[in-house]
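Here the structure is laid out as structure tokens; the discussion comes afterwards.
The values are calculated or read from the model by the stated rules, or taken from the named source; none is laboratory data. Since this is a predicted model, take the numbers as computed values, not measurements. For neighbour counting, all protein chains shown are included, and Cβ atoms are generated from backbone atoms with ideal geometry for every residue, glycine included.
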Amino acid sequence: MNITALSEELSQGKVLLFNKPLYWTSFDLVNKVKHLFRHKLNLKKIKIGHAGTLDPLATGLMILCTGKETRNIEKYQGLPKEYIARIKLGSTTPSFDLETDIDATFPYEHLEKSGIVNALSSFTGVQLQIPPDFSARFVNGTRAYKLARKGEQLELPPKEITIYNIELISLKLPVIEIRVTCSKGTYIRSLARDIGLKLGSGAHLTGLVRTATGEFLLQNALSLEEFERNLVFL
């Protein structure tokens, strides 16, 4: 496909699948793709939006929409998400992940596979989940994570979410690995916290990969390097 035809296709609307790099924000990825379009295709003005934020400490599937396809972003955002999460039992952090240091430790040696599986199964279904203080939720017009980083104590209201499926895929205490399929708005960090509470042992998230959004799969996504190399062949 020549550059003129590709530019027209992108303006009309296209869905692009990326594997977000570790430590990048979702907006970092969008800005990088815009930069490539400007400098590789000479597209000075083109709409690009992402359909579902990933934390900097997470990797995996991100859907980007271009041109007129940005009108459908909410549709993609509403699709179920699948994640592979690595959780460390026996310790907690204020952010529920590795962004902050461990603030408490708990026994975990007594935990057995059957009890962990039973605890996980209790999270399936519709429920109210309290978001992390270190999140992008707004509190009086300010992002919650900005207030949390200043040491402010927040009381974020719970949000209704749905866990469609949750399964244990690896157990090497104190670390477990789970696969989760869930609704929009689910915080896997909060799920890790709640799993720790359920087990009476504390827990925090140490790794997260989004593997699917609806029918869109991580295995079909491109890294930024692959995208740049193959840009003219999209």
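Structure above, values below:
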item	result
Strands (runs of 3 or more DSSP E) contained entirely in the stretch 120-196, each with at least 2 residues that are within 16 Å of the chain's Cα centre (by Cα) and modelled with pLDDT of 65 or more	159-172, 175-182
Yes/no for residue 100 being under 27 Å from residue 131 (Cα atoms) and modelled with pLDDT under 95	yes
Residues that are within 21 Å of residue 99 (Cβ to Cβ) and buried (at least 19 other Cβ atoms within 10 Å of the Cβ), drawn from the stretch 25-53	26, 29, 50
The stretch 151-204, residues that are under 19 Å from residue 91 (Cβ atoms) and of a type in the set (Lys, Arg)	172, 189, 193, 198
Matching option when the condition is surrounded by fewer than 18 Cβ atoms within 10 Å (Cβ to Cβ), over 21 Å from residue 177 (Cβ atoms) and not aromatic (Phe, Trp, Tyr), among 102, 130	130
Members of the stretch 54-83 found to be out of contact with any helix residue (DSSP H, G or I) (no Cβ under 6 Å at 6 or more places or on another chain), within 23 Å of residue 99 (Cα to Cα) and either outside any strand (DSSP E or B) or acidic (Asp, Glu) (or both), listed by number	55, 56, 57, 82
Selection status of residue 40, over 19 Å from residue 188 (Cβ atoms) and of a type outside the set (Ser, Thr, Tyr)	yes
Verdict on residue 96 being assigned by TED's automatic domain parsing to the domain that holds residue 205, part of a loop (DSSP other than H, G, I, E, B), of a type in the set (A, V, I, L, M, F, W, C) and surrounded by fewer than 20 Cβ atoms within 10 Å (Cβ to Cβ)	no
Unmet requirement for residue 74, which otherwise passes all of (1) under 18 Å from residue 184 (Cα atoms); (2) acidic (Asp, Glu); (3) buried (at least 20 other Cβ atoms within 10 Å of the Cβ)	(3)
Failed item in (1) within 19 Å of the chain's Cα centre (by Cα); (2) of a type outside the set (Ser, Thr, Tyr); (3) assigned by TED's automatic domain parsing to the domain that holds residue 181; (4) at negative phi, with residue 116 passing the rest	(1)
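Results for (1) over 16 Å from residue 213 (Cα atoms); (2) among the small types (Gly, Ala, Ser); (3) assigned to a loop (DSSP other than H, G, I, E, B), shown as yes or no for each residue.
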| site | (1), (2), (3) |
| --- | --- |
| 7 | yes, yes, no |
| 16 | no, no, no |
| 28 | yes, no, no |
| 33 | yes, no, no |
| 38 | yes, no, no |
| 44 | yes, no, yes |
| 52 | no, yes, yes |
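Per-residue answers, yes or no, for (1) free of Cβ contacts under 8 Å to residues at least 12 places away in the same chain; (2) buried (at least 16 other Cβ atoms within 10 Å of the Cβ); (3) closer than 19 Å to residue 123 by Cα:
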| site | (1), (2), (3) |
| --- | --- |
| 182 | no, yes, yes |
| 191 | no, yes, yes |
| 214 | no, no, no |
| 217 | no, no, no |
| 225 | yes, no, no |
